[in-house]
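Read the structure below first, then the notes.
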Amino acid sequence: MTIESGPSYRQANRRKYLTFTVFAFISLVLDQITKVMARDALRHSGPKVVVDGYFDLRYAENPGVAFSMLQDIPGGMLSLVAVGAFLLVLYYLRKMPVDNRRLHVALGLVGGGALGNLVDRVLYGRVTDFIVWKARWGGRVHEWPAFNVADAALCIGVGLMVLDMFRAKKDSPQPA
């Protein structure tokens, strides 16, 4: 019996998929709950200042992708890209070693974020955004484009993947 087929490997492999599923599910559910709340509370009332000059809640409908980019691409095409991205995440997860927990979490966040925005695109034809970060410099207030929990999960997941790549590069043996 090889290590890849023994009971401990199967248990670790199940843990890998469970970790992915938990993080994907949590990010998807939080995204959808907060979008429902944003549509109910912000759609007709206007923005809500949370921290003056730094953080607002403002309803926006985004036909594009994260942070209002690529708004001229048809929604059907973006839905196909989201499905393809999710399938790529599943493929990558399948190939991932069972002991790389950070990447299992990262892929769960990316998968959940992709599904969260896909749900909006399928149900409403556009994505609900509502979080607006601001920064003050040069005597002016600068705003980051509105985003949502799915976008945040995607960014955190990709950030964890980048950290893992740097860590793997640092840990790999260097030529003499």
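Every number in this text was worked out from the coordinates using simple rules, so none of it is lab data. Note that the structure is a prediction, hence the values are computed from the model and not measured. Neighbour counts run over all protein chains shown; Cβ positions are idealised from the backbone, glycine included.
Summary table
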| item | result |
| --- | --- |
| Full-extension gain in nm, Asp40 to Cys155, via 0.36 nm per residue minus C-alpha separation | 38.8 nm |
| Within-9-Å neighbourhood charge of Asn117 [Cβ basis; K, R +1; D, E -1] | -2 |
| Most to least packed among 139-147, 104-112 [average Cβ atoms within 10 Å] | 104-112, 139-147 |
| Using θ = phi - 60° and Karplus 6.51 cos²θ - 1.76 cosθ + 1.60, couplings along the range 124-135 (whole Hz; Gly, Pro as x) | 10, x, 7, 9, 7, 10, 7, 9, 10, 8, 10, 9 |
| Length gained when the stretch Met77-Ser8 is fully extended (0.36 nm per residue, less Cα-Cα span) | 20.6 nm |
| Total formal charge among the other residues, if their Cβ is under 10 angstrom from that of Trp133, Lys/Arg +1 and Asp/Glu -1 | -1 |
